[in-house]
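Just so it is clear, none of the values below were taken in a lab; they were calculated from the coordinates. Keep in mind that this is a model prediction, so the values were computed, not measured. Counting neighbours? That spans all protein chains shown, and the Cβs are built from the backbone with ideal geometry, glycine included.
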Amino acid sequence: MTRSKRRAGRRHPLATAALLALGLVFTGGAYAALSTGTVAQAEVDPNSQQTIEEGKKLFQANCATCHGLEAQGTDNGPSLIGVGAASVDFQVGTGRMPMQMQGPQAQQKPVQFTDEQVKQLAYYVASLGPGPEIPSDHLVNGGGDAANGAELFRINCAMCHNVAGAGGALTEGKFAPPLTDVSGVHIYEAMVTGPQNMPVFNDLNISPEDKRDVITYLKYVQDNRSPGGFELGSLGPVAEGLFIWIFGLGAIVAITVWITAKSN
Amino acid sequence: MSTAPSATAPQKRSFTAAASVYVNERTSVAGFVKELGRKAFPDHWSFLLGEVALFAFVVVLISGTFLTFFFQASMAEVHYDGSYVPLKGVEMSVAMASTLDISFDIRGGLFVRQMHHWGALLFVAAIGLHMLRIFFTGAFRKPRELNWVIGFILFILAMAEGFTGYSLPDDLLSGNGLRIIDGMVKGIPLIGTWTSFLLFGGEFPGTQIVGRLYTLHILLLPALVVALVALHLVFVVVHKHTQYAGPGKTQQNAVGPPILPIYAAKAGGFFFIVFGVLALIASMFTINPIWNYGPYDPSPVSAGTQPDWYIGFADGALRLIPPGWEFVWLDRTWSFNILVPLIVLGGFIVTVLIYPFIEAWVKGDKREHHIADRPRNAPTRTAIGAAGVTFYAGLWAAASSDILATHFWLTMEGVIHALQATVIIGPFIAYFITKRVCIALQKKDREIVLHGYESGRIVKLPGGEFIEVHQPLDEYERWRLVSFESYEPLMIRPNARGKITVGQRIRASFSRWFFEDRIAPVSKGELEAGHDGHH
Amino acid sequence: MAQDDHSSAEIAAADSSHAAHDSAVSPGTAVIAADAFENPGFPPHRPRVTDEDPKREKRAQRTVYTLFYLSILGSVWAIAAYMLFPMESNNVGDVRLNNMFIGLGATLALFGIGFGAVHWAKAIMTDVELADERHPIGGSPETQAAAAQVFADADRESGFTRRAAIRNSLIGALLVFPLPAVVLFRGFAPQDQIPVELLSHTMWKKGTRLALDPSGTPIKAADVTIGSAFHVIPEGLTELEHGKLEEKAKAAVLLMRLNPEELNELPERESWSYEGIVAYSKICTHVGCPVALYEQHTHHLLCPCHQSQFDVANHCEVIFGPAKRPLPQLPIAVDDEGYLIAQSDFTEPVGPSFWERH
């Protein structure tokens, strides 16, 4: 319907440009790239005795109440022998541990420790028994095949975390968290350790290269806003239905009131 | 716009006049213009809700036609080779691939697609709101009962249009929606298994369903919708629009601005506004991002898998059934976990459909009604409506039980149990509260008519007494508050043969239920008596 | 206010009783009040500011044509955006820009026309209100009588009532003639297939290896560690030429390994698992969604569509939600090379219930 106006529009080339600029200013906000800053990896030597000693001190001060002085576990917390560095890096690095209170599942909170301390704790726990390691940068840098990752994500992850990584509900108040700003390292660690009620996806189920692809896909979703505009939380038809009733029909009803009100 | 041509045209005619004469002499349109051009159209914001539905439908037709030029309703498998990186090389149906091409490889295609889908959501939502307006103002009464039925069928057709369209892209979300439909159909006794088998052209998902739904979506259903919309509008012209009570407005007139020019300009302008609102939403807000969902595959599913909002009540009904409602009897499987929702929803739909006839039967009122009720002046009907809305809303909310649970930090089991209670007890609570509120508002109206508005001015009388001065109403304001009718409960009387029939007894008990609590409008005598008794 | 058809006095008289226009029609149980108020007739006309103030009228005119010009600008902008924002770069951001700028241009074009026209009608067009007379919808008694006469004449001339044999045989023929069309619907699905048979079997058979979805790689029992959940398809599914999705829709399986002490197995199914590894159909017994939300500590499986919950530790019996039957279990074993294999097909039909299931 717009094409027939072309001839008329030629008379206003400047106006078009001005309007365009105006539109850019008004809507530019929508395009502010949502880039999550990458946290610099603290240099901690995994094998040095000093690291493990520091980690042990931190552990006994902050974790031993529930997990026991030697990480052997108590009634309040499981044994951590053999859970590996990846598990500790995930739980402590995302702020889930130390836990504030018992509940359906550990909540994410502001991280309690510096990166260095998190690594020290992780290597201390790793020294107690072999377990999954913190992945190398190559596996989490998002340089893999997004299409393969997307397919694996749909089959193995989307039923809990939603196809766009928006999260979802589990039984009895538990939930699968959104993956919209989780770092690649933490996604990888979650897959290999199966935190909370998440199943474990070991390397024979999803190979390290496949995990890399999954992370690549999630990074793609994180870095590219939806081509259609605001995502409405990527929650699907529920959000869309609420939006059309409240904002779509709401705006139109307001306009009907204006149309039928007597002009003053 | 055509202007009414004049037979005795003057010597110098404008182009418009000449054109209208030319057209008229070949089409006899002048009689039509004369008949309709200066018809009065009552003006109220709530009278535009049906127009919103109509205009949204027009937008959906226009945008949908554009989409048909690109969409291919085939379930043949291809490897996607378009622009969207995370799906490159993935095996999918041609339907899915062509929908992705519309979104990523045709400029403006995504805009049209989003406008089509948002327009469809608005179409059904506007029908819903329009129906609520009709119901709560009693605009379905004689002579408009059949138009209520037509409108109701349109609502059902709109949902069918929506669901068939939602299923066309053959993405993971809509595929799981079809899977649910398949499961529901299979649960129907006797015919279910074969119905599903024939519908899908073999085993689910088969290679037929998208093509079949496409035929329904772009041919059969739109033809029915267009035909019924036309009939619906013809009836609006035949009946003339209802109007709210007001000074000068009677059962025998229709008061409002003329169709030409004011109504035409407003309605025409409003079409562009509705179109514009949809364009704005389509340009700024994502809908149905099939690129996230990926192609349909029976193995994966996404958290938060829901139908579009208008099917939500049915999905919610399925979710609210407690465990264990399925039995084997006579060596056959009876899936009451599917049958009960189907029967309850069917009953609900039929009740809404025939409500005008029930009310007419209870009242026995055979007159035409062209003045719309204020909801408070029909307390029982309004309360029934509120109960129905609560029931529907409970089912609707149940379709998002998982999202309610995560977003309000609840357990999904708790949400389900609470909504089970809402759906069963909620309507009764809503009924009683609404009825009381309506009667209280009627009493307040009576107070205002009898004693005027509270002015907030406190005056000291010579005797030292303080009173608040009440501002009396002028006759126009008063008319709005007193110009309604009340009905009284039916007295059971023997018929001509001296018998009291069962039907008569049932009608009487309905009538008691409807009209036992009734507030009559203030009469002249009451007002005069009131003036004597007060300051 | 301009009154074309009625004077106020007439209105007041006509409305003294709601039933006045047709006193022959029953008002039912409506109460006709004897001393109801009379309709006061139309209130005095209130002019708009644009009617009284020529400056305001001028301003309204300017607003309206400005809106129409803005609409033209919007259309031009949309056309320009079509050209200025290409999206052939495989970049999602470009699609977003294309969508938004074309859309906002169209929005302006549409809003300009819409708000302009409505404002024109509201503020500038002569503010008339008409009152049309309503007539009974059924028409005048004469019209009704004439219509009845037409039917009576037609009946007499055709003998529709009189010639009962002709009429009844026609009605019979009309009732029967659509039936052949019903038969045609059998062709909607292949003639040589019966749904109940198809629904009762899946691709699994004795010795079929369990393979990873989607790659089709066979799975070794040793690969499945405790707490794992594997999404499984039968080996060979990915190579199928036809019916891949139909087979997958029945054969999809979730493979989990639990601590054997936590597994409470039915006595007759103790040989169906392997060292705590169990395989269950992924297709919900309610209406068929994939049930794949596995919680490794509670051992609950949740269906995301209608929230049915199954307890894997307890042979997948239903613990919540609308499903009735437990998920069917696939009996598994291990072959000589250590790969997981099916002992047989499922022992019952998978997926949603259907009428002939028993």
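Under 17 Å from a label point 7 Å along Cα→Cβ of B:Lys366: give me every residue in the stretch C:144-170 with its amide N that close.
C:144-145
Starting from the alpha-carbon convex hull of the stretch C:186-340, give the projected area averaged over all orientations, in nm². Could the numbers behind the result be given before it?
Details: hull surface 41.1 nm².
That works out to 10.3 nm², a quarter of the Cα hull's surface.
Please determine, in degrees from 0 to 90 and to the nearest 10, the orientation of helix C:92-119 with respect to the longest principal axis defined by the Cα atoms of chain C, where the helix direction is its Cα long axis.
20 degrees
Taking each residue in C:62-71, count the Cβ atoms of any other chain within 10 Å of its Cβ, then average. What number comes out?
Working: counts 0, 0, 0, 0, 0, 1, 0, 3, 2, 4.
Shielding by partners across C:62-71 averages 1.
Could you calculate the contour length gain from B:Ser14 to B:Thr68, that is, 0.36 nm times the residue separation minus the distance between their Cα atoms, to one decimal place in nm?
Contour length minus the Cα-Cα distance gives 15.3 nm.
Please work out the C-alpha center-to-center distance from the stretch C:285-358 to the stretch A:125-165 and express it in whole Å.
Spelled out, the Cα-based centre of one part sits 26 Å from the other.
Could you give the radius of gyration (one decimal) and Dmax (whole number) of the Cα atoms in the stretch C:141-183, in Å?
Reported Rg and Dmax, both Å: 15.5, 49.
Arranged by the count of other C-beta atoms within 10 angstrom, fewest first, what order do B:Phe15, C:Phe310 take? Mind showing how you got there, number by number?
Details: B:Phe15 7, C:Phe310 26.
Fewest-to-most ranking of B:Phe15, C:Phe310: B:Phe15, C:Phe310.
Points 7 angstrom from Cα along the Cβ direction at C:Glu239 and B:His417: gap in nanometres?
A separation of 5.3 nm, rounded to one decimal place.
Give the cross-link partners of C:Lys220 among the lysines, using a straight C-alpha distance below 23 Å as the criterion and excluding same-chain residues fewer than 8 apart.
Output for C:Lys220: A:Lys211, C:Lys205, C:Lys206, C:Lys248, C:Lys250, C:Lys282.
Which order results if A:Ile52, A:Ile155, B:Ile349 are arranged by neighbouring Cβ count within 10 Å, fewest first?
B:Ile349, A:Ile52, A:Ile155
For the stretch B:43-94, compute Rh as the Kirkwood radius over C-alpha pairs and then the Stokes-Einstein diffusion coefficient at 37 °C and 0.692 mPa s; write the answer in µm²/s, rounded to an integer.
Numbers: Rh = 14.3 Å.
For these conditions, the coefficient is 230 µm²/s.
So if a site counts as exposed when it's one of the trypsin sites (Lys or Arg not before Pro), its DSSP state isn't H, G, I, E or B, and it has at most 12 other Cβ atoms within 10 Å, what's the longest stretch of chain B without one?
Numbers: sites that count: B:Lys12, B:Arg497, B:Lys499.
Value returned for the longest uninterrupted segment is B:13-496.
Between C:Ile137 and B:Ala230, what FRET efficiency comes out of the Förster formula 1/(1 + (r/R0)^6) with R0 = 22 Å and r the beta carbon distance, rounded to 0.05?
Values: r = 19 Å, r/R0 = 0.85.
About 0.75, to the nearest 0.05.
For B:Leu219 and B:Trp329, FRET efficiency with R0 = 35 Å and r from the beta-carbon atoms, rounded to 0.05? Could you put the intermediate results ahead of the total?
Values: r = 41 Å, r/R0 = 1.18.
Once the sixth-power term is evaluated, E becomes 0.25.
Considering the dipole of the protein assembly as shown built from charges on the beta carbon (Lys and Arg +1, Asp and Glu -1) around the Cα centre, which of A:Pro110, C:Leu199, B:Ile425 is farthest to its positive end?
After comparing all options, I get B:Ile425.
Return the average number of partner chain Cβ atoms within 10 angstrom of each residue Cβ along peptide C:305-317.
On the way: counts 14, 15, 13, 4, 6, 0, 0, 0, 0, 0, 0, 0, 1.
Going residue by residue through C:305-317 and averaging, the value is 4.
Write down the Å³ per residue value for the convex hull defined by the alpha carbon atoms of the protein assembly as shown. Intermediate results must be reported in sequence, preceding the final value.
Values: hull volume 302.4 nm³, N = 1157.
Normalising the Cα hull of the protein assembly as shown by residue number yields 261 Å³.
State the three equivalent ellipsoid semi-axes of chain B, derived from the C-alpha gyration tensor as the square roots of 5 times its eigenvalues, in descending order and whole Å. Intermediate values should be presented prior to the final figure.
Numbers: eigenvalues 449, 251, 118 Å².
Three semi-axes, in Å: 47, 35, 24.
If you take the beta carbon distance between B:His79 and B:Arg212 as r and set R0 to 30 Å, what does 1/(1 + (r/R0)^6) give as a FRET efficiency, to the nearest 0.05?
On the way: r = 25 Å, r/R0 = 0.82.
So the FRET efficiency works out to roughly 0.75.
Taking every residue in B:204-213, how many Cβ atoms of other protein chains lie within 10 Å of its Cβ, on average? It would help to have the intermediate numbers written out before the result.
Numbers: counts 10, 4, 6, 4, 2, 0, 0, 0, 1, 0.
Across the residues of B:204-213, the mean count of other-chain Cβ atoms within 10 Å is 3.
Where in chain B is the longest stretch that carries no GluC sites (Glu not before Pro) classed as loop by DSSP and with at most 10 other Cβ atoms within 10 Å? Don't skip to the answer; put the middle values down first.
Working: sites that count: B:Glu465, B:Glu516.
By the stated rule (loop sites, at most 10 other Cβ atoms within 10 Å), B:1-464.
Note down the nm distance, to one decimal, between modelled labels 7 Å out along Cα→Cβ at B:Val469 and at C:Arg62.
Those two pseudo-labels are separated by 4.3 nm.
Can you compute the modelled spin-label distance between C:Arg269 and A:Asp181, with each label point 7 Å from Cα toward Cβ, in nm?
Placing both labels 7 Å beyond Cα along the Cβ direction yields 4.5 nm.
Which order do peptides C:36-47, C:242-253 fall in by mean Cβ count within 10 Å, highest first? Could you put the intermediate results ahead of the total?
Numbers: C:36-47: 16.2, C:242-253: 21.8.
So the order, starting with the most tightly packed, is C:242-253, C:36-47.
Would you list which aspartates and glutamates come within 15 Å of B:Lys366, measuring only between C-alpha atoms, while excluding same-chain residues fewer than 8 positions from it?
B:Glu145, B:Glu485, C:Asp22
Suppose a student asked you for the relative contact order of chain B, using Cα pairs under 8 Å spaced at least 6 residues apart; what percent would you report?
Result for chain B is 16 percent.
Between B:Glu477 and B:Thr27, what length in nm is gained on full extension when 0.36 nm per residue of separation is reduced by their alpha carbon distance?
Values: separation 450, 0.36 × 450 = 162.00 nm, distance 4.71 nm.
Residue separation times 0.36 nm, minus the Cα-Cα distance, leaves 157.3 nm.
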